[in-house]
Amino acid sequence: MALLCYLLFLAFPLLWLLATAFKPPAELATLHPTWLPERPTLDNFRQAFDEQPLLRAAGNSLLTAGCAAVIAVLLATPLAYVLARHRSALSRAATGWVVVSQAFPFVLVIIPLFLLLKEVRLVNQPAGLVLVYVVWSLPFALWMLTGYVRAVPQEVEEAAAVDGAGRLRTLVSVTAPLLAPGIVATALFTFITAWNEFFFALVLLKSPERQTLPVVLTHFIGTEGVADLGPLAAAALLATLPSLLLFALIQRRITGGMLAGAVKQ
């Protein structure tokens, strides 16, 4: 019973968003709203696409999130292999720094980050936002992949070395295929994180044609804080669906990677 109540608590925002997206303005303005729309309508979706460039913003989010996920995985995979296979005081210190870095709040780094990107002319550039996403997601990707590497038996790599394979060949031809589930899960998790990120995109991207989807969603809120609730709910629902679908696909692999990282070798 407690688990059911917890699941309903977690699902309530999505269910409320789904119901609101299909309600006509008259039902949204009533003093006694109903849980389900009495007269479902698609007008909110049409209005959302008419008022804001949602497709362009989704394309910007797809570009930045996709590039960040690919680059983060390419960097994290060899680094995770080194941390997992070569244990020393330096590797333990690096692992500790990875964990500590996740506790840094965004506000702590945004001002120096903005000034640094301004010096190299990457403010208001998708490449600058991709760089930020890679740096911000790399610690978690590294920690997650380290757990997967430790789950791969070293005997497999030793057998490849006996057959004459070098360290790089072993990593590419033997270890990497065994890490494929972890690499996919890490890439998708990084993608979801970048897709939903708002604060960095708001500060670093100023041109309307380069803004990502989370930033464009704020345009449904007026200058006085009054939200155009129907179109906002419709647009937010469409923006949420990719994350939900991807998370449904990778949740078991994410759990497996965390459990693998928790096993003492």
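The values are calculated or read from the model by the stated rules, or taken from the named source; none is laboratory data. Owing to the predicted nature of the structure, the values given are computational and were not obtained by experimental measurement. Glycine also receives a Cβ, built like all others from the backbone with ideal geometry; neighbour counts cover every protein chain displayed.
Name the one entry in Ala57, Ala48, Ala93 that is more than 17 Å from Leu205 (Cβ to Cβ), of a type in the set (Gly, Ala, Ser), in a helix (DSSP H, G or I) and at pLDDT 90 or above. Lay out the reasoning, then the answer.
Working: Ala57 fails: more than 17 Å from Leu205 (Cβ to Cβ); Ala93 fails: at pLDDT 90 or above.
Result: Ala48 is the single residue among Ala57, Ala48, Ala93 that is more than 17 Å from Leu205 (Cβ to Cβ), of a type in the set (Gly, Ala, Ser), in a helix (DSSP H, G or I) and at pLDDT 90 or above.
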Region 112-212: helices (runs of 4 or more DSSP H) wholly inside it with 1 or more residues that are touching a Phe, Trp or Tyr at 6+ places or on another chain (Cβ under 9 Å) are 126-151, 180-196, 199-204
Of the residues in region 150-160 that are surrounded by 15 or more Cβ atoms within 10 Å (Cβ to Cβ) and more than 31 Å from the chain's Cα centre (by Cα), the one that is farthest from Phe191 (Cα to Cα) is Ala160
**Asked** Is there a residue in region 30-48 that is closer than 30 Å to Gln125 by Cβ and buried (at least 17 other Cβ atoms within 10 Å of the Cβ)?
**Response** yes
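Farther than 16 Å from Ala236 by Cβ and either part of a helix (DSSP H, G or I) or modelled with pLDDT under 85 (or both), is that true of Ala19? Give the derivation first.
On the way: farther than 16 Å from Ala236 by Cβ: no; either part of a helix (DSSP H, G or I) or modelled with pLDDT under 85 (or both): yes.
So Ala19 fails the test.
Out of region 126-149, which residues are surrounded by fewer than 18 Cβ atoms within 10 Å (Cβ to Cβ) and touching a residue at least 12 places away in the same chain (Cβ under 8 Å)?
So the first thing to find is which residues in region 126-149 are surrounded by fewer than 18 Cβ atoms within 10 Å (Cβ to Cβ), and the list is 126-127, 135.
Of everything in region 126-149, just one residue is surrounded by fewer than 18 Cβ atoms within 10 Å (Cβ to Cβ) and touching a residue at least 12 places away in the same chain (Cβ under 8 Å), namely Pro126.
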